[in-house]
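Encoded as structure tokens, the structure appears first; notes follow it.
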Amino acid sequence: MTSAAEPAQPRPAANVPTSSYRLQLQPGFTLRDATAAVPYLAALGVSHLHLSPLLEAAPGSTHGYDTVDHGRISEQLGGEPALRELAAAAHRHGLRLIADVVPNHMAVPVPEQLNGPLWEVLRDGPDSPSARWFDIDWTAQPGPADAPGRGRVLLPLLGDRLGAVLDQLIVDGDVLRYHDHALPLRPGTERLPLAELLARQWYRLAWWRLARTELNYRRFFTVNELIAVRVEEPEVFAATHAVLLRLHADGVLDGFRIDHPDGLADPRGYLSRLAEATGGAYTVVEKILTGDERLPTDWPCAGTTGYDALRRIDGVLLDHAGACRLAGAYEAFLSGSPVPGDLCQEPHPAVAAARRGRAEMTEPHGELAAEVDRLVRLAVRIGAAEPAHADHAPWQLRASLQRLLTGYPAYRPYVRPGEPAPAVSAEQLRTALDGSTDPTDRLVAALALGELGRGADRDEFCVRFAQTAAAVAAKGVEDTAFYRWNALPGLNEVGGEPARPGLHPTEFHDWCRYLERTWPHSMTVLSTHDTKRSADARARLAVLAEQPAAWAAEADAWSTAAGPGGDRDGDWLLWNTLVAAWPIGPDRLVAALLKAAREAKLHTSWTTPDTRFEQALADRARAVHGNPGLLPRIEGRVHALAPYARSNTLAAALLHLTVPGVPDLYQGSEEPLYTLVDPDNRGVVDLGALAVRLTDAATPRPGDLAREKLHLTATALHLRRSRPLGPYRPLTADGLTNDHLLAFARGDDVVTAVTRLPYSLERAGGWRGTVLELPEGGPWTDELTLRTYPAGALPVAELLATHPVALLTRRGGE
């Protein structure tokens, strides 16, 4: 996985996008709305429309990841006729479609009969033909009264303990109703007294709080309403993908984005089956890569969905030294006293926060306790059957699992039972062991790596450890630690590394060449439906790393102006959120801060909300808009940041559009977009208004960043469609401030040049005679200004006199 060797599987050669545009389909923006937007998106210059999940989802779903029926395109979105109309319109304009696929899970909907396979399992139990669809541990719960050894499914959907809600359960023919829930009754039990009726079902109704310790079906992370699907079973794959594969065969769909492959039992096997079924359609995976981790080279896909690119592009535009000082200023802000030392040295507070977040997930009463207990049961069974592995007490196994899952440095290992463990997975397990010689630790690690031979329980442990590791990483780091350590909130994105802020240009160039060599058609992104802050919001926050002392003083002054009573970390996040998303109304602000506080789980949480704390947080946030001394100061600070944020916005956009890979634009991001975590970032975008503005985007208007970004985006997209971008080659400027220019060539006829660290550049006195040597073969034309320059040494101050970026082409190369 760390090897940069050529991938073992061939890349898809046909129908590779030059760029894609992500559309969030929902009842407020249907397939017919997407069809109406096709002329605009074609004019913008993309080659593919990237559609959120298409299959029927739970009623009113605004995201589509809660599938209830794999047999049809969502009627809420317009159904298959509307999808075919969209495809036809797209084809007329030279566009193609990429569909988001959700192989890992389905919804446990309300009412439950919307999910037909699940309904059958609840009615007929483990003998149901649909029982193989779902990842259920039938051994974890005693079965019905007349079949105690068969097991049943825990359904944690009651608002209180069962005894407190018995009078709310209603038998209605062959259905058991609880408020809006409708559950099937096992045939022949309809006329039994209620207590006996409940005891005879293939499910156990339970208080929702029992889920974290007693749930016996795998979920999407900790979401009880999303039950895992066993797509590794050939018949389940066939049933869940039949419609999408038929639409691909019909030419309606041309590519696929695979959601959450880390949850699958066998990601490589799944991708191989999909590639075989589609003849190698363009496919990318939402694989989260941490640190220096690389996508496994034996996965038959085009690459990732682009979070690895997001981290590199943001990183090269961030001041590493300033970010380290800002981290220290943050710690001082919290404690009220100076923090000695370099916070970018180990042990780093962000690393400690990540370990704590992982550890909490796996505690005996943690949010993923049920998943860990399932591994413990497997290990106990293995020991009972094999004397060589016996006498490891359940509490010892649980403690070892917690240590290994806490210390695991990536999302998951990629071990397939019956194959030697990849060297990188073995090394990651050794890292997690941290030198431990404890026999139980060694046993658990050996089971996770599949080193103790084959067998049903041993194979399952190997697979399930990997799936659990991914959930622990996602929930413990992204959804806990990243809401706790808020020094530089813009770093706390999926796959982010707040302990390693910034990226040197040399490292950036190395990564670009690696991507070009190994995954040339991988997606790249800056904003998605899952980013906690959009790219332009992060571009503002990046400026603060160039002025850490000034920003810390300003944050302290704002807290003083807001008055006593604020939680210090909450205040820091409040001020950063205001800067990132300004102008922002009170409702959006409060919603984002409440979500952050609940995810952090320090003062309040989703499951145990502290209403007094939450009310105080909301009151403090809302009071900002009514504070006559504070509001002008916030507006003034955002205004002062604007020139440097503009530079970062345009630089990130141009890098995204010209580095190796396939740029995927998020809806609305062709203009400045200052959105926060979902659902704030999943709203409907007025593409009609964008279409109107596109018609005059090329006309200069000083100070109009929206026009500048839209013009840059359209220009670069059309360039990508008009010619293939050639080999990536770094270019180096010469002069006193050359580190502030990031430049590279794509082949012999395209050059990208962007400004980095604009505030520091200004403090250094500007470009000060720095020159960029334009390659021979000119003249060169900046496509953003249409100014022409000869080959040879060009003063950067002249090149970037109008914009902080330049996109140069050699017209003779067309």
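Of note:
- Selection from segment 650-668 of residues that are among the small types (Gly, Ala, Ser), outside any helix (DSSP H, G or I) and in contact (Cβ under 8 Å) with a residue 24 or more places away in the chain: Gly661
- Residue list for segment 265-285, restricted to those being in contact with a Gly (Cβ under 7 Å, 6 or more places away or on another chain) and over 26 Å from Arg219 (Cα atoms): Ala281, Tyr282
- Residue match in segment 603-624 (condition: without any contact (Cβ under 8 Å) to a residue 40 or more places away in the chain and within 23 Å of Gly45 (Cβ to Cβ)): no
Per-residue answers, yes or no, for (1) in the same structural domain as Pro156 (by TED's automatic domain parsing); (2) in contact (Cβ under 8 Å) with a residue 60 or more places away in the chain; (3) of a type in the set (Gly, Ala, Ser):
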| site | (1), (2), (3) |
| --- | --- |
| Leu192 | yes, no, no |
| Ala199 | yes, no, yes |
| Trp207 | yes, no, no |
| Arg212 | yes, yes, no |
| His241 | no, yes, no |
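- Candidates Ala743, Ala697, Ala793 - the one that is out of contact with any helix residue (DSSP H, G or I) (no Cβ under 7 Å at 6 or more places or on another chain) and either farther than 22 Å from Leu503 by Cβ or of a type in the set (Ser, Thr, Tyr) (or both): Ala793
- Checked against (1) farther than 27 Å from Arg212 by Cβ; (2) part of a helix (DSSP H, G or I); (3) in contact (Cβ under 8 Å) with a residue 40 or more places away in the chain, Ala388 passes all but condition (3).
- Test: residue in segment 553-565 that is over 16 Å from Arg633 (Cβ atoms) and over 28 Å from the mean Cα position of the chain (by Cα): yes
- The set of residues in segment 418-437 that are part of a loop (DSSP other than H, G, I, E, B) and either in contact with a Leu (Cβ under 7 Å, 6 or more places away or on another chain) or under 22 Å from Ala456 (Cβ atoms) (or both) comprises Gly418, Glu419, Pro420, Ala421.
- Any hit, segment 441-452, residues being more than 19 Å from the chain's Cα centre (by Cα), assigned by TED's automatic domain parsing to the domain that holds Ala426 and at positive phi: yes
- For Asp459, the conditions (1) without any contact (Cβ under 8 Å) to a residue 12 or more places away in the chain; (2) acidic (Asp, Glu); (3) within 24 Å of Phe221 (Cβ to Cβ) all hold with the exception of (1).
- When segment 372-397 is limited to residues that are among the small types (Gly, Ala, Ser) and within 23 Å of Glu360 (Cα to Cα), the one that is surrounded by the most Cβ atoms within 10 Å (Cβ to Cβ) turns out to be Ala379.
- Close Cβ contacts (under 6 Å, 6 or more residues apart or on different chains) running from residues in segment 771-797 that are within 18 Å of Pro730 (Cβ to Cβ) to residues that are among the hydroxyl-bearing types (Ser, Thr, Tyr) and at pLDDT 95 or above comprise Trp780/Tyr789; Val796/Thr770.
- Just one of the listed residues (Val771, Val751) is hydrophobic (A, V, I, L, M, F, W, C), modelled with pLDDT of 95 or more and buried (at least 20 other Cβ atoms within 10 Å of the Cβ), namely Val751.
- Verdict on Val339 being assigned to a helix (DSSP H, G or I) and under 21 Å from Leu488 (Cβ atoms): no
- Flag if Arg756 is in contact with a helix residue (DSSP H, G or I) (Cβ under 6 Å, 6 or more places away or on another chain), basic (Lys, Arg) and under 30 Å from Leu690 (Cβ atoms): yes
- Residue within segment 315-326 that is under 23 Å from Asn648 (Cα atoms) and among the basic types (Lys, Arg) present: yes
- Residues located in segment 32-65, provided they are in a strand (DSSP E or B) and either charged (D, E, K, R) or over 21 Å from the mean Cα position of the chain (by Cα) (or both): Glu56
- Any hit, segment 423-433, residues being in contact (Cβ under 8 Å) with a residue 12 or more places away in the chain, touching a helix residue (DSSP H, G or I) at 6+ places or on another chain (Cβ under 7 Å), surrounded by fewer than 22 Cβ atoms within 10 Å (Cβ to Cβ) and more than 30 Å from Ala597 (Cα to Cα): yes
- Taking segment 572-598 as the range and being among the small types (Gly, Ala, Ser) and either outside any helix (DSSP H, G or I) or modelled with pLDDT under 95 (or both) as the test, only Gly585 passes.
- Search result, residues across segment 167-197 that are in contact with a Phe, Trp or Tyr (Cβ under 8 Å, 6 or more places away or on another chain), part of a strand (DSSP E or B) and within 30 Å of Arg464 (Cβ to Cβ): Leu183, Pro184
- Taken together, the criteria place Arg311 among residues that are out of contact with any Cys (no Cβ under 8 Å at 6 or more places or on another chain), modelled with pLDDT of 95 or more and either among the hydrophobic types (A, V, I, L, M, F, W, C) or under 28 Å from Tyr644 (Cα atoms) (or both).
- Selection status of Ala716, aliphatic (A, V, I, L, M), in contact with a helix residue (DSSP H, G or I) (Cβ under 9 Å, 6 or more places away or on another chain) and surrounded by fewer than 22 Cβ atoms within 10 Å (Cβ to Cβ): no
The values are calculated or read from the model by the stated rules, or taken from the named source; none is laboratory data. If you're wondering where the values come from, they're calculated on a predicted model, not measured in any experiment. Reconstructed Cβ throughout: ideal geometry from the backbone, glycine too, with neighbour counts over all protein chains shown.
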